[in-house]
Amino acid sequence: MWTNRGEELTSPALEAVAVCASYPQKAPKGSFSPPVLDGVDLTVAEGELVALLGANGAGKSTLLRVLSGTLEPTSGQVRLFGTPLGAHDRRALARTMAVVGQTEEMSFGFRVRDVVMMGRAPHQGGWMRATDEDVSIVEEAIQSCDLAAFADRPVLALSGGEQKRVAIARALAQRPRVLLLDEPAAFFDVRHKIALYDLLVEQVARQKLACVVVMHDINIASQYASRVALMKAGRFLAVGKVDEVMTYARLRETFDTDLYVGVNELTGMRFFLPMRGR
Ligand SMILES: Nc1ncnc2c1ncn2[C@@H]1O[C@H](COP(=O)(O)OP(=O)(O)OP(=O)(O)O)[C@@H](O)[C@H]1O
């Protein structure tokens, strides 16, 4: 069954099928690095937040690059609402998917409000004239990312964490259906970290977003993720609900280290503590 936009109703929002990926290398010319992703399968539905967890170098950011179309898989395929990523028109893709990378270059000379407005560009006509709706979406994104106090400041005059919040506000202003974020809370203080994930789960539920987030904080993942994917050496060790996947043994295998796994008696949620070595 198909919608009037030609999308298959039963298709997941985002799908990686048997994806392998390598990086092009300078020498010898035309060669590739050894595989960084090795047969990854993932489906992400609308209204769910999937956390990618794994040690440094496991391939999390690479998977995000492949899912966003920045890196071509060497084999396998990524599909967005049932259609191969490459078959989507660039402008339509920009309306459908927003990406917040590990590092986001901010342009010199722009104010916070201008940068967030850039998220509306794929929805605007050739003249890029902001409608009342654009302005109100931008203001909502600025408010929700706690940026109102900085809205008229040059973006380069903000701290690392504040600039990251601007990049997230711009992505939310895009009103995408799929949102990919690479360690979005890396520079955040604890209050802003909790506020960000509260905001993300609220957006995921309200806008029916399909959201994939690379995370290093396993306690945040256990509290906010609909599902968790544990990565090691370019493969998934396990994908599933927190209680199925975030076990002592699986986390040990993922991170090559022991973690204490506890359960919060008030919420029933798991928590994890690092254990010192000998
Ligand atoms: N541009 C690149 N060219 C060549 N190899 C790369 C490139 N980027 C990453 N790699 C390699 O690919 C592997 C996976 O890197 P990736 O950045 O995907 O890991 P990650 O799981 O996101 O790690 P981290 O937690 O440290 O951010 C690593 O071995 C890394 O050295």
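Within region 76-90, can one find any residue that is modelled with pLDDT of 90 or more, surrounded by fewer than 20 Cβ atoms within 10 Å (Cβ to Cβ) and of a type in the set (Ser, Thr, Tyr)?
Yes, some residue in region 76-90 is modelled with pLDDT of 90 or more, surrounded by fewer than 20 Cβ atoms within 10 Å (Cβ to Cβ) and of a type in the set (Ser, Thr, Tyr).
Return yes when Asp134 is without any contact (Cβ under 8 Å) to a residue 60 or more places away in the chain and assigned to a loop (DSSP other than H, G, I, E, B) and no when it is not. Write out each step before concluding.
Details: without any contact (Cβ under 8 Å) to a residue 60 or more places away in the chain: yes; assigned to a loop (DSSP other than H, G, I, E, B): no.
No; evaluated as a whole, the condition is false for this residue.
Can you find a residue in region 241-254 that is within 30 Å of Arg170 (Cα to Cα) and loosely packed, with under 14 Cβ neighbours inside 10 Å?
Taking region 241-254 first, the residues within 30 Å of Arg170 (Cα to Cα) are 241-242.
Still in the list and also loosely packed, with under 14 Cβ neighbours inside 10 Å: 241.
Checking region 241-254: at least one residue is within 30 Å of Arg170 (Cα to Cα) and loosely packed, with under 14 Cβ neighbours inside 10 Å.
Answer with yes or no whether Ala186 is small (Gly, Ala, Ser), crowded, with 20+ Cβ neighbours inside 10 Å and either within 16 Å of the ligand (Cβ to nearest atom) or not assigned by TED's automatic domain parsing to the domain that holds Val155 (or both). So that I can check it myself, show each step before the final result.
Details: small (Gly, Ala, Ser): yes; crowded, with 20+ Cβ neighbours inside 10 Å: no; either within 16 Å of the ligand (Cβ to nearest atom) or not assigned by TED's automatic domain parsing to the domain that holds Val155 (or both): yes.
Criteria not met by Ala186.
Kindly provide the set of residues from region 221-261 that are assigned to a helix (DSSP H, G or I) and free of Cβ contacts under 8 Å to residues at least 60 places away in the same chain, ordered by number.
Filtering region 221-261 down to residues assigned to a helix (DSSP H, G or I) leaves 221-224, 242-245, 248-255.
Hits for region 221-261 are Ser222, Gln223, Val242, Asp243, Glu244, Val245, Tyr248, Ala249, Arg250, Leu251, Arg252, Glu253.
So in region 174-197, with the set limited to residues that are under 15 Å from the mean Cα position of the chain (by Cα) and in a helix (DSSP H, G or I), which one is nearest to Gln124 (Cα to Cα)? Write out each step before concluding.
To start, the set of residues in region 174-197 that are under 15 Å from the mean Cα position of the chain (by Cα) comprises 174-186, 193, 196-197.
Filter again for in a helix (DSSP H, G or I), leaving 193, 196-197.
Working: Lys193: 31, Leu196: 27, Tyr197: 29 Å.
That would be Leu196.
Please enumerate the residues belonging to region 204-220 that are assigned to a helix (DSSP H, G or I) and either in contact (Cβ under 8 Å) with a residue 40 or more places away in the chain or within 16 Å of the ligand (Cβ to nearest atom) (or both). Explain how you work it out, then say what you get.
Restricting attention to region 204-220, the residues satisfying the condition of being assigned to a helix (DSSP H, G or I) are 204-206, 218-220.
Scanning region 204-220 gives Val204, Ala205, Ile218, Asn219, Ile220.
So, of the residues in region 76-109 that are in a loop (DSSP other than H, G, I, E, B) and small (Gly, Ala, Ser), which turns out to be farthest from the chain's Cα centre (by Cα)?
Here is the first cut: in region 76-109, the ones in a loop (DSSP other than H, G, I, E, B) are 81-82, 88-89, 101-109.
Now restrict to residues that are small (Gly, Ala, Ser): 82, 101, 107, 109.
Numbers: Gly82: 19, Gly101: 8, Ser107: 22, Gly109: 27 Å.
Checked region 76-109; the qualifying residue farthest from the chain's Cα centre (by Cα) is Gly109.
Based on this model, can you work out whether Gly125 counts as among the small types (Gly, Ala, Ser), exposed (fewer than 13 other Cβ atoms within 10 Å of the Cβ) and either part of a helix (DSSP H, G or I) or not assigned by TED's automatic domain parsing to the domain that holds Ala185 (or both)?
In short, yes.
Check region 79-94 and report whether any residue there is closer than 22 Å to Val204 by Cα, within 16 Å of the ligand (Cβ to nearest atom) and among the β-branched types (Val, Ile, Thr). Show your work before the answer.
Initially, region 79-94 is screened for residues closer than 22 Å to Val204 by Cα, giving 79-83, 85, 92-94.
Now restrict to residues that are within 16 Å of the ligand (Cβ to nearest atom): none.
Checking region 79-94: not a single residue is closer than 22 Å to Val204 by Cα, within 16 Å of the ligand (Cβ to nearest atom) and among the β-branched types (Val, Ile, Thr).
Just to check your reading of the model, which residue among Gly59, Gly125, Gly76 is more than 19 Å from Asp182 (Cβ to Cβ) and in contact with a strand residue (DSSP E or B) (Cβ under 6 Å, 6 or more places away or on another chain)? So that I can check it myself, show each step before the final result.
Numbers: Gly59 fails: more than 19 Å from Asp182 (Cβ to Cβ); Gly125 fails: in contact with a strand residue (DSSP E or B) (Cβ under 6 Å, 6 or more places away or on another chain).
Step by step, each of Gly59, Gly125, Gly76 is checked, and only Gly76 is more than 19 Å from Asp182 (Cβ to Cβ) and in contact with a strand residue (DSSP E or B) (Cβ under 6 Å, 6 or more places away or on another chain).
For region 29-75, enumerate the residues that are part of a loop (DSSP other than H, G, I, E, B), over 15 Å from Arg227 (Cα atoms) and among the small types (Gly, Ala, Ser). Lay out the reasoning, then the answer.
Of the residues in region 29-75, the ones part of a loop (DSSP other than H, G, I, E, B) are 29-30, 33-36, 45-47, 55-59, 69-74.
Filter once more, so that each one left must be over 15 Å from Arg227 (Cα atoms): 29-30, 33-36, 55-59, 69-74.
Gly30, Ser33, Ala55, Gly57, Ala58, Gly59, Gly69, listed by residue number.
The values are calculated or read from the model by the stated rules, or taken from the named source; none is laboratory data. For clarity, every value in this text was computed on a predicted model and none was experimentally measured. Positions of Cβ are generated from backbone atoms using ideal geometry, with glycine treated the same way; all protein chains shown enter the neighbour counts.
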